[in-house]
Amino acid sequence: MEEQKNGLNILQNLGWISVLLAIGVYPPILMANAISIGVVLRRDYQEKRQGKYMIFSGVTTGTIGLIMGVYFNLN
């Protein structure tokens, strides 16, 4: 029996929302969420390019969010 995978659109939308929100709202959690969804897209759905962009964007926006949080907390 072949498994049917039909959650691709949901994963893509949740991943990109996590990437966008990682700048200001709970950066470590949403960064990990975006990375995890990117890995699932690459491995299970063969979306190599989009998974790679989501992983990179998640790390970038999460890091920016952490830096901004530390900066605004100290000032």
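Some observations on this one:
- Residues being crowded, with 17+ Cβ neighbours inside 10 Å and not in a loop (DSSP other than H, G, I, E, B) - total across the stretch 1-22: 7
- Qualifying residue in the stretch 23-35 (condition: among the aromatic types (Phe, Trp, Tyr), at positive phi and not in a helix (DSSP H, G or I)): yes
- The set of residues in the stretch 36-75 that are part of a helix (DSSP H, G or I) and aromatic (Phe, Trp, Tyr) comprises Tyr53, Phe56, Tyr71, Phe72.
Readers should treat all values here as calculations from the given coordinates under stated rules, not as data from a laboratory. Remember, it's a predicted structure, so these values are computed and weren't measured experimentally. No Cβ is skipped: glycine too gets one built from the backbone with ideal geometry, and neighbour counts run over all protein chains shown.
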